[in-house]
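The numbers here are math on the coordinates, done by the rules we state, and not lab data. These numbers come from a predicted model, not from an experiment. With ideal geometry, Cβ positions are generated from the backbone for all residues, glycine too; neighbour counts draw on all protein chains shown.
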Amino acid sequence: MGSNSMKTECCMRVRAAHLAREYADIKEEIDLAIEHVLGSGWHIMGEHGRRFEDDFTRYLGTRFGVGVNSGSDALYIALCSLGVRRGDEVITVSETFVSTVDAVARNGATPVFVDIDPRTYCMDSSIVEAAITERTRALIPVHLYGHPCKMDEIMEIANRHNLRVIEDASQAHGAEFSGRKVGAFGDIGCFSFYPTKNLGAYGDSGMIVTNDEYLAEQSRRIRNYGQTSKYCHDFIGVNSRMDEIQAAILGAKLRHLDSWNSRRREVAKIYQAELDASLAHLPIEMSYAKHVYHQYVVGIECRDQVVEEMKRVGVECGIHYPIPVHLQKAYLSTAKPITLPVTESVSRTCISLPMSPYLTSDEALTAVSALEEAISSLSR
Ligand SMILES: *Cc1c(COP(=O)(O)O)cnc(C)c1O
């Protein structure tokens with residue numbers, strides 16, 4: 001172990017995520033998967049990639065899966081395959097990771113932001129219709145922190161206005177809306193397999209899922225230099241493929257996803273039971289939802305001081321996200337200016353407590369007391 005990680009290990013009592021523990025737990029399966037790929041001598045676009053596309057789409061209940069290099073590229077290629085381009089508007093949220101919106105801008109289209117529902121932190125479907133213009137082409141709801149968006153209402157609006165829907169499910173592998181897995185509702189679902197996601201590779205990876213054969217084929221061509229057949233390029237694509245090592249690792253890890261999500265839900269239950277709801281705004285799970293707690297996010301005043309104080313006593317928290325996308329420098333001139341009161345208030349108050357399937361119950365309790373002590377020391 002390097003001296004850097006030693007140092008963080010001993011001053012941090014509770015880390016935010018635990019990938020080394022995960023690897024120690026499933027080392028044999030992972031090592032075997034990697035050896036398989038290395039022994040095959042085939043590293044890009046081979047049997048492991050195809051098998052993982054099949055396994056993951058079977059898990060979700062969609063027809064097609066197209067493995068790509070990252071969640072960001074999944075979103076970019078998804079919009080490309082739908083023909084979204086300059087002059088088009090795409091409605092999405094500002095309370096998300098920036099790359100949801102980057103995908104719109106990279107296609108030359110204009111992102112249009114709507115505010116979020118303060119209960120779920122997801123796109124507020126009741127205000128989407130007011131944002132639709134004759135230029136609107138698509139909606140990108142984001143299943144933020146692992147809670148599903150209200151997909152019945154979103155699909156109904158999209159159908160009424162003839163809009164396409166791309167779900168950003170990068171934080172919601174296995175989450176369900178009314179008993180159906182998210183990613184399978186829209187025209188296209190996009191997933192990131194960044195290492196800390198609920199299902200993560202040991203590097204960058206992502207996937208596009210769809211029931212539409214044309215969109216799947218088009219995405220396959222775009223991810224592979226716009227190639228229609230060997231060395232024939234009818235349009236300009238990109239190089240964005242899932243490599244075989246990541247596919248083999250993801251295939252091995254997919255078998256654990258449901259039990260890992262169950263453990264995340266148990267950790268959430270501990271937080272829910274132990275945290276004083278008068279000190280922090282706690283997340284809720286709507287009756288239609290199965291939440292997979294990619295993050296367990298609470299809302300508190302004096303957030304920045306609380307995070308600092310928790311860090312001082314050795315509990316690592318995250319902030320998702322401190323600056324909403326519509327207030328990022330990159331978007332001040334590209335997106336329509338707008339005020340989003342709920343989004344802006346969440347960005348000031350949100351704090352992500354340590355959360356992973358490998359967080360122990362004792363560590364969760366340590367995080368709870370550190371949070372409560374930090375809050376009361378600040379109010380003294
Ligand atoms: C992680 C994430 C992405 C980007 O995925 P990468 O694989 O890191 O490119 C996009 N959207 C959301 C909501 C994410 O959480």
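Details
- Mean Cα-pair separation over length for region 262-336, i.e. relative contact order, pairs under 8 Å, 6 or more apart, %: 23
- Close amide H contacts of residue 62 (hydrogens built in the peptide plane, cut-off under 5 Å, sequence separation of 5 or more or a different chain): none are found.
- Going by neighbour counts of Cβ atoms within 10 Å, the residues 60, 19, 75 line up, fewest first, as 19, 60, 75.
- Computed 3J(HN,Hα) for region 311-320, one whole-Hz value per residue from the Karplus formula 6.51 cos²θ - 1.76 cosθ + 1.60 where θ = phi - 60°, is 4, 4, 8, x, 10, 8, 10, x, 10, 10, glycine and proline marked x.
- A Förster distance of 51 Å, applied to the separation of the beta-carbon atoms of residue 272 and residue 236, puts the FRET efficiency at 0.55.
- For residue 135 and residue 304, the difference between the fully extended length at 0.36 nm per residue and the C-alpha to C-alpha distance is 56.9 nm.
- Calculated FRET efficiency for the pair residue 282/residue 213, C-beta based, R₀ 45 Å, to 0.05: 0.55
- Only helices enter this figure: runs of n ≥ 4 DSSP H residues, each worth -39500 (n - 2.57), summed and divided by the residues of the chain, yield -13000 deg cm²/dmol at 222 nm to the nearest 500.
- Calculated FRET efficiency, residue 36 to residue 365, Cβ-Cβ distance, R0 = 51 Å: about 0.80 to the nearest 0.05.
- Long-range Cα-Cα pairs in region 54-157 (distance over 20 Å), rounded percent: 43
- Scanning residues 5 or more positions from residue 112 or on other chains, those with amide H under 5 Å from its amide H are 90, 91, 92, with H placed 1.01 Å from N in the peptide plane.
- Gyration tensor analysis over the Cα atoms of the chain returns equivalent ellipsoid semi-axes of 33, 28, 18 Å (largest first, whole Å).
- Proxy reagent accessibility, fewest Cβ within 10 Å first, across 332, 250, 275: 332, 275, 250
- Computed over region 181-291: relative contact order in percent, which uses C-alpha pairs under 8 Å that are six or more apart: 18
- Given charges at Cβ of Lys, Arg, Asp, Glu: region 57-107 dipole, positive-most of 100, 67, 83: 67
- Sorting 338, 30 from the fewest to the most surrounding beta carbons within 10 angstrom yields 338, 30.
- Of the trypsin sites (Lys or Arg not before Pro) in region 180-269, the ones in a loop by DSSP (not H, G, I, E or B) with at most 13 other beta carbons within 10 Å are 230, 255.
- In the chain, lysine pairs closer than 25 Å at Cα, eight or more apart or cross-chain: 22
- Remark on residue 206: its backbone amide H falls under 5 Å from those of 68, 69, 70, 193, a criterion applied only to residues 5 or more positions apart or on other chains, H modelled at 1.01 Å from N.
- Contour excess over end-to-end distance, with Cα ends at residue 255 and residue 162 and 0.36 nm allotted per residue: 29.8 nm
- Low-density loop cleavage sites - GluC sites (Glu not before Pro) in region 280-341, where at most 15 other Cβ are within 10 Å (DSSP): 301
- When the alpha carbon coordinates of region 291-368 are projected onto the principal axes, the ranges are 46, 28, 19 Å, largest first.
- Rounded Å value of the spacing that divides the Cα centres of region 150-176 and region 56-121: 11
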